[in-house]
Each structure stands twice: as structure tokens, then as C-alpha cells.
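Working notes for the structure below.
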Amino acid sequence: MFYREAGQFKASYAADQQIFPIRQDRIAYYTLLAVAFAAVPMVANEYWMATILIPFLVMSIAALGLNILTGYAGQLSLGTGGFMATGAFAAYKLSTWDIGATFGLAEPMHLHMVFVFLGAGVITAAVGVLFGMPSLRIKGFYLAVATLAAQFFLLWLFNKVPWFTNYSTSGVISAPPRELFPGVVITGPMAHPVTKYLFLLSLVVLLALGAKNIMRCHLGRAWMAIRDMDIAAEIIGIRPMRTKLAAFALSSFYCGIAGAAWAFLYTGSVEPLAFSIEVSFKVLFMIIIGGLGSIMGSFLGAAFITLLPVLLTNGPRLLGLNIPVDIISHLEFMIFGALIIFFLIVEPHGLARLWQIAKEKLRLWPFPY
């Protein structure tokens, strides 16, 4: 069989502990990267780029952030939308900040977009730590309610304080055009979807690799110990306060970058209504369906939630069925609810566990043991 590790010997601890210890997995990973970076921009049209691939990548970052907090650290959160809004508004304020005027220079200067995204993530991480303080005393359902309060408070703040929108009368502001390199525009109406896609894909790859490696170090193991039994984790020397706040900080960092990418690379506008409570629930559905405590599950859940509305909209038309739009929207909610119940009962670890089982079957086939 083609998927076997027989004969693949490891001569060092580093080789034995690498992310993809099986050669076939490494080949598949590099092949997937080559297809995503080279083949997809040549094959996909602007519709697929703007309406499917870019929102999929953005929601993958948000799902990674929530999976770090809920899947690995065991801290339930319903404030993902609020943290994404924080990242979006922080990115807008940083991108419109005239550094030259601040330091008395004659020519206007603005932060590079890479530093804008990183700064938005850092600011959101600080906000996440602030709202993660209740996790030191409460957990479970009560912590979910506390983070839900953060969701409503942050959206109310961005709606009521005009400083966040640079005193715009409409309250809806557009992302300013910015360049990644001279002549390469990645934000604003002049930015090409392929350029946005490649920049966002590079960001997703770096963040996913970073999350995977963090989960393999002492901090990730401390999060999993807190998730499984916080009292036992404290007994063996893990500090609950520092560990939980670190989970909130890193999760909010990812959510802040996702919010900045949503506003600057997808919609092109920054408005609080785009990050309502429905976004928080949608990201939660992604990690439940994709798999809690799994990096792969974040991507599988984001792909499923992103592609399902497209399939429900275009599928009946391809089959010759004339189904009203309102019925399709109701079917979407019904399918989401049914799948969540199914995975919670049948396979709590989601699609990632099903993928892992399929790989284990391939490694043993045709033997039954």
C-alpha cells in the first residue's frame, strides 16, 4: 500500500518529533502548498477568489484562534466576533495613523500593512487578556456568559464612540489602499483578488505552523492539562492564572488578525454589524464540526461552513429544482444544527477525527488489526 511508514527510520530525536514524521504526509503537505500558491491563482476566477477562498482563509484564522482557547485550553468563549471587531478597528486606526505628522515630519508616513496586522493582533490580545480575567474564578457556562458580555460591550463601544471611526458621520468606513511592496496593492478597491489571496494564504500558513508548534511545546501541554483537569494541573506545578491568560492572549491575537483580514482583504469596509453574535456562533460551529483541539479541524470546519451555503444555493439549480431562497436559508440553519448534534453524539472530535481514522485504516489495510 502507498501509505506505509515501514522502512522510514529516524536517526535523531528531531526527526522523530517533527510535525510530519511520515514521508507521505510531508509530500502531501508540500504538494498542497504548491497547489494553493501556484495552481489555484491560475485556475480560480475572481468570483471564487473574492467570495469563497478569501473568506475561507479568514475564517480559518478565526477558527484557529477559538480552537486554541476552547479546544486546547478548555475555556469556552462566545466573544469571537467582538475580538474580530477589535482587530478590524485597531487595524483601521493603525493604517490611518500618520506617523510623519506625529513626529513632526513634512511628508505623511503610514505603517506597513504587515505591522498593521501584527499591531491589530497585539491590541486584540491585550483586550482578550482583560476580558479573560473572569476565567480565573469561573468556568464553563458562566465563562461563556462573561465572554458573551464582552461581545456586546465591544460592539456597543465601537458604535457609540466616534473616535474609532475617525468621526465618520455614517459609521461605516472603508479600508484605505495600502501597498505590500511598491506597486503591489493589497487593500482598497484597486487591489486584485489574487494579490489578496496570496498575502492571506502566506499569513494563514505562518499562523497555522506557529499554532501547531506552540501546541507541541510546554505551553500547549499546559493548556491541555488545564483543559483536562485544572486542579491536577495546578498540583503538578502549572500556574492556572498565567496559563489561562496566555490562552486568551494568543486566541485573541489570532482573532484580531482575522478581523483585520476580514475588513481589509474581504469586505473592504470596517463596521461593527459585520461582527455580530452570529459570527461568534459560526466560528464555534466550525471548531465543533471540524474538531476541537485540532489544527486540521479548524480548516475542515471553516471549509465546511464556507462551502455549505454555496452548495445549498447552487446545488438545487444544477439538479433542476426550483427552491425559494428563504427555504434554502432555513435549510442551512437546520443542517448546521443537525450536524452539531450528530458530531457531539457520534464523533465529538469532528471531521478531524474521521480523517485520522481514515489514515489509520489506510496504514493497516488490508489487515483487520
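Solvent exposure of region 253-369, expressed per residue, is 54 Å² of accessible area, with all protein chains present and a 1.4 angstrom probe.
The Rg/Rh ratio of region 176-299, with Rg taken over Cα atoms and Rh as the Kirkwood radius over Cα pairs, comes to 1.06. Relative to one another, the C-alpha centroids of region 158-194 and region 260-278 are positioned 11 Å apart. Helix screen, the chain: DSSP H segments with Cα axial length of 24 Å or more and mean Kyte-Doolittle hydropathy at least 0.0 are 113-132, 141-160, 193-216, 240-261, 295-318, 325-345.
Normalised by 2.2 N^0.38 Å, where N counts its residues, the alpha-carbon radius of gyration of region 168-209 equals 1.42. Global size of region 38-78: 14.5, 41 Å for Rg and Dmax (C-alpha atoms, Rg to one decimal, Dmax whole).
Evaluate the charge dipole of region 169-312 about its Cα centre and quote only its size in Debye, nearest 20, assuming +1 on the Cβ of each Lys and Arg and -1 on the Cβ of each Asp and Glu. Numbers along the way, then the final one.
On the way: 10 positive and 6 negative charges, 72 e Å.
Using only the charged Cβ atoms, the result is roughly 340 debye.
Other residues within the sphere of radius under 13 Å centred on the Cβ of MET215, judged by their own Cβ, net out at +4 (K and R +1, D and E -1). Between rounded, prolate and oblate, where does region 261-330 land on the alpha carbon gyration tensor, with a ≥ b ≥ c its root eigenvalues, rounded for a/c under 1.5, else prolate if a/b exceeds b/c? Oblate shape, in that a/c is at least 1.5 and b/c is the bigger or equal ratio.
Shown here: region 46-177, whose C-alpha atoms stretch 53, 37, 27 Å along the first, second and third principal axes, sorted largest to smallest. Comparing ARG221, ARG137, ARG239 in a Gaussian network model of the chain (Cα springs below 10 Å), the most mobile by mean-square fluctuation is ARG137.
Calculated accessible area for region 23-83 comes out at 39 Å² per residue, all protein chains present (probe 1.4 Å; ligands, DNA, RNA ignored).
With springs only between Cα atoms under 10 Å, which of ILE99, ILE123, ILE68 fluctuates most in a Gaussian network model of the chain? In this elastic network of the chain, the residue with the biggest mean-square fluctuation among ILE99, ILE123, ILE68 is ILE99. The three principal axes of the Cα atoms in the chain give end-to-end lengths of 72, 60, 47 Å, sorted in falling order.
Taking amide H as placed 1.01 Å from N in the peptide plane, the amide H of SER174 sits under 5 Å from that of VAL270, each at least 5 places away or on another chain. Taken over region 130-179, the ratio of Cα radius of gyration to 2.2 N^0.38 Å equals 1.62.
When nucleic acids and ligands are ignored and a 1.4 Å probe is applied, LYS160 ends up with an accessible area of around 130 Å².
Using a probe of 1.4 angstrom, how much of the accessible area of the chain is carbon and sulfur, in percent? Display every interim value, and only then the final one.
Details: 13690 of 19430 Å².
With neighbouring chains kept in place, the figure for the chain is 70 percent.
Taking a point 7 Å out from the Cα of ILE99 in the direction of its Cβ, the residues of region 171-207 whose backbone N falls within less than 19 Å of it are 176-187.
Using alpha carbon coordinates only, what is the Rg to Rh ratio of region 287-360, with Rh defined as the Kirkwood radius?
On the way: Rg = 14.0 Å, Rh = 13.2 Å.
Rg/Rh for region 287-360 comes to 1.06.
Taking the centroid of alpha carbons for each part, region 296-334 and region 1-58 are 26 Å apart. Note on the chain: GNM, Cα springs under 10 Å; of PHE20, PHE115, PHE342, the largest mean-square fluctuation is that of PHE20. Under the shape rule built on the C-alpha gyration tensor, where the axes satisfy a ≥ b ≥ c, region 234-369 is oblate, since a/c reaches at least 1.5 while a/b does not exceed b/c.
The values are calculated or read from the model by the stated rules, or taken from the named source; none is laboratory data. Only a predicted model underlies this, so the values are computations on that prediction, with no experimental measurement involved. Note: ideal-geometry Cβ built from the backbone for every residue, glycine included; neighbour counts use all protein chains shown. All accessible areas refer to the heavy atoms of the entire protein, side chains included, with ligands and DNA or RNA removed. Shrake-Rupley method; radii C 1.70, N 1.55, O 1.52, S 1.80 Å.
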